[in-house]
Amino acid sequence: MSNTVTSYTKGGAFLIEESTANQIFIPEQLTEEQKMIAAAVEDFVETEVEPQWKKFDSKEGIEIGKALMEKAGAMGFLGIGIPEEYGGNEMDFLTSIAFAEKAFASYSFALTLGVQTSIGIAPIYLYANAGQKARYLPKMVTGELKGCYCLTEPGSGSDANSGRTQAKLNQEGTHYILSGQKMWITNSGFADLFTVFAKIDDDKDLSAFIVEKDFGGISLGEEEQKMGIKGSSTRQVFFNEVPVPIENLLGERGQGFKIALNVLNTGRIKMGAAVVGTAKKAMKYVTQYAMERKQFGQSIASFGAIQHKMGQCMAKLYATESLLYRTAHNIDLAYQEMIEAGKDPLESKWRSIAEFAIECAITKVYSTEAADFMVDEGVQIHGGMGFSAETKIEMAYRDTRINRIYEGTNEINRMLMVDMLFKKAMRGRLDILTAAKNVQKELTSIPSYKSNGATTFLYEEKQAINNFKKVILMVAGAAAQKLMKQLKDEQEILIHIADMLMQTYAFESAVLRTEKLAGLNEGKPKAGTKAMLKIIMHEANNIIANAAREVTYAFAEGDELRGMEMGIKRFTKLAPYNLKNARRAVAQLAIENGGYFIN
């Protein structure tokens, strides 16, 4: 696959290092092979799923999705990234993201397919022994065996390790006897294989098991009545003294929580791919409707209020797509680096994803909230028709809402990303302390207006990136120093710091992509990208400034508070810019192209 990028910024280091355009990958660099794979699955969705879109808003979609998954397996779509010895198509992580973007823009079928190819197959591929892989993977790749992931319980959601499902070794020492209850289990209605997390005896930590339905003792609740994604199977699963052979322990005893976290990292970034694909499709619906709908003798797409919404949506989509592909390729580069260092290939797979766990969490939260914003604005642009069940945007509005809840709620992911950042710092993997001290020194000095060497047309944007990072370092550093161990319990503060991190990473990704696009186009920025950067920058600036003040007001007072307020004001000062015209320019490009217009 593509090897156009050879160096990268380590996980979390974007905060303290200056990344360059040459270090990031952009979707415009996808190889012909990657584009062909994406096009093949897009064609499958258009021909097999799209004609039945309405059926995926009912339980009828469950059986249709099951049949389509088997068809997808026959076409090789379930084995992307799985070695050929197990019947798959072993490809890099970036290719799986390009595939996921097209494959998962498919209504409720996206969940059916996504669970199988991600959290269904991943635990077995990454952690099973050779015998387990040989037994299960080939049939999962073809769709003959359908899998599901059983982690959540009625009393343990975000606190997964507190689960009460129990496994006890029988007297003969041949089987674990598994008992417990799981809920919100996607694909459970037709699953043959259950990856189940349970505690053995009185263990502190979870273990994981591969449980076949045919073992007996498994019963299911009724299909859940849901707001959206109605065409996906979601049930409770009850395990009543299920005899699980000891050889079906997945990984090592007590390793289940680590397995769960690493698999969820994979799911979080793939969710980013899914919502990018979904958002592109939604923006196509919205743009077409705005062009066709006439009011006061003209298309509503010509109205400033509509163009404001369209421009804002396209800018968010540009930022989301930029950070998604940047992160995905960085994972591939980390994997290549580990392989070159002689590391085990399979271990390197999950370790490379774990290296970018912060960025995976950012991708999940930023993308799902951007998508929610876009479909909400899409409904508004449709007016009364947007509230009608006859429109695809209405279904997208309901289907998209769940994304902020599963794979770890967005609130949990916010706190996780900050926690992981601080832990990397404490372990000496990120020198945040020195960076924060440098910002403190700068606050007592005269501001410098020296150019940082950025290309002329991105000078302000590059300066803004640096300043956003300084705000984070100043505020987070002061909070950590003042609150110390208490900080982990100050969830509101952690959430605000996370918002600043996300906005900075997303904006930086969009800026570097724009710079790289210009380089590929003889130094000329691609149409609309400059305007979108201004939109993203000013929104990020407002969010960062407000979040920084919220954090500061929570613990600082007196001279410390006044000093930090001066720092926030200094680092979030932008030159005036006509955002109205920027949004109109972006909206006009969307109108001319019938939707998202970048690639």
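Could you tell me whether the range 14-26 includes any residue that is touching a residue at least 24 places away in the same chain (Cβ under 8 Å), buried (at least 23 other Cβ atoms within 10 Å of the Cβ) and closer than 21 Å to residue 263 by Cβ?
No, there is no match, as no residue in the range 14-26 is touching a residue at least 24 places away in the same chain (Cβ under 8 Å), buried (at least 23 other Cβ atoms within 10 Å of the Cβ) and closer than 21 Å to residue 263 by Cβ.
Results for (1) under 18 Å from residue 400 (Cβ atoms); (2) not hydroxyl-bearing (Ser, Thr, Tyr), shown as yes or no for each residue.
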| residue | (1), (2) |
| --- | --- |
| 40 | no, yes |
| 50 | yes, yes |
| 59 | no, yes |
| 80 | no, yes |
| 101 | yes, yes |
| 108 | yes, no |
| 125 | no, no |
| 135 | no, yes |
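For residue 359, indicate whether it is out of contact with any His (no Cβ under 7 Å at 6 or more places or on another chain), of a type in the set (D, E, K, R), farther than 30 Å from residue 530 by Cβ and in a helix (DSSP H, G or I).
no
Please identify the pairs in which a residue from the range 295-320 that is aromatic (Phe, Trp, Tyr) has its Cβ atom under 7 Å from the Cβ atom of a residue that is crowded, with 16+ Cβ neighbours inside 10 Å, counting only partners at least 6 apart or on another chain.
318/510; 318/532; 318/598
Of the numbered conditions (1) part of a helix (DSSP H, G or I); (2) of a type in the set (A, V, I, L, M); (3) touching a residue at least 24 places away in the same chain (Cβ under 8 Å), residue 425 satisfies every one except a single condition; which is it?
Checking residue 425 against (1) part of a helix (DSSP H, G or I); (2) of a type in the set (A, V, I, L, M); (3) touching a residue at least 24 places away in the same chain (Cβ under 8 Å), the one that fails is (3).
Any idea which residue in the range 370-423 is modelled with the lowest pLDDT, counting only those that are closer than 19 Å to residue 227 by Cα and among the small types (Gly, Ala, Ser)?
My answer is 408.
Residue 197 fails exactly one of the following numbered conditions: (1) surrounded by fewer than 23 Cβ atoms within 10 Å (Cβ to Cβ); (2) touching a residue at least 60 places away in the same chain (Cβ under 8 Å); (3) of a type in the set (A, V, I, L, M, F, W, C). What is the number of that condition?
If we test residue 197 against (1) surrounded by fewer than 23 Cβ atoms within 10 Å (Cβ to Cβ); (2) touching a residue at least 60 places away in the same chain (Cβ under 8 Å); (3) of a type in the set (A, V, I, L, M, F, W, C), just (1) comes out false.
Taking the condition of being in contact with a Leu (Cβ under 8 Å, 6 or more places away or on another chain) and of a type in the set (A, V, I, L, M, F, W, C), how many residues in the range 31-56 meet it?
The total comes to 2.
Residues that are under 27 Å from residue 242 (Cβ atoms) and among the aromatic types (Phe, Trp, Tyr): list the strands (runs of 3 or more DSSP E) wholly contained in the range 80-186 that include at least 1 such residues.
Numbers: elements: 147-150, 166-169, 175-186.
Qualifying strands (runs of 3 or more DSSP E): 147-150, 175-186.
Does at least one position in the range 398-415 carry a residue that is farther than 29 Å from residue 29 by Cβ and in contact with a Cys (Cβ under 6 Å, 6 or more places away or on another chain)? Give the derivation first.
Within the range 398-415, the first condition is being farther than 29 Å from residue 29 by Cβ, and the residues that meet it are 398-399, 401-402, 404-406, 408-412, 414-415.
Checking which are in contact with a Cys (Cβ under 6 Å, 6 or more places away or on another chain) leaves us with none.
There is no residue in the range 398-415 that is farther than 29 Å from residue 29 by Cβ and in contact with a Cys (Cβ under 6 Å, 6 or more places away or on another chain).
Taking the condition of being of a type in the set (A, V, I, L, M, F, W, C), assigned to a helix (DSSP H, G or I) and farther than 25 Å from residue 507 by Cα, how many residues in the range 364-401 meet it?
Total satisfying the criteria: 7.
Can you pull out the helices (runs of 4 or more DSSP H) entirely within the range 471-580 that have at least 1 residues that are polar (S, T, N, Q)?
Those helices (runs of 4 or more DSSP H) span 491-520, 529-555.
So the check is Cβ under 7 Å with 6+ separation or different chains; which pairs have a first residue in the range 215-226 that's assigned to a strand (DSSP E or B) and a second one that's surrounded by 16 or more Cβ atoms within 10 Å (Cβ to Cβ) and among the charged types (D, E, K, R)?
Going by the 7 Å Cβ cut-off, the qualifying pairs are 220/235.
In the list 94, 68, 78, which residue meets the criterion of being crowded, with 18+ Cβ neighbours inside 10 Å, of a type in the set (A, V, I, L, M, F, W, C) and over 26 Å from residue 360 (Cα atoms)?
68
Output the number of the condition that residue 55 fails; it satisfies all remaining conditions of (1) in contact with a Gly (Cβ under 8 Å, 6 or more places away or on another chain); (2) closer than 21 Å to residue 119 by Cβ.
Going through (1) in contact with a Gly (Cβ under 8 Å, 6 or more places away or on another chain); (2) closer than 21 Å to residue 119 by Cβ one by one, residue 55 breaks only (2).
The values are calculated or read from the model by the stated rules, or taken from the named source; none is laboratory data. Fair warning: this is a prediction, and the values are worked out from it, not measured in the lab. Using ideal geometry, Cβ is built from the backbone for each residue, glycine included, and neighbour counts are taken over all protein chains shown.
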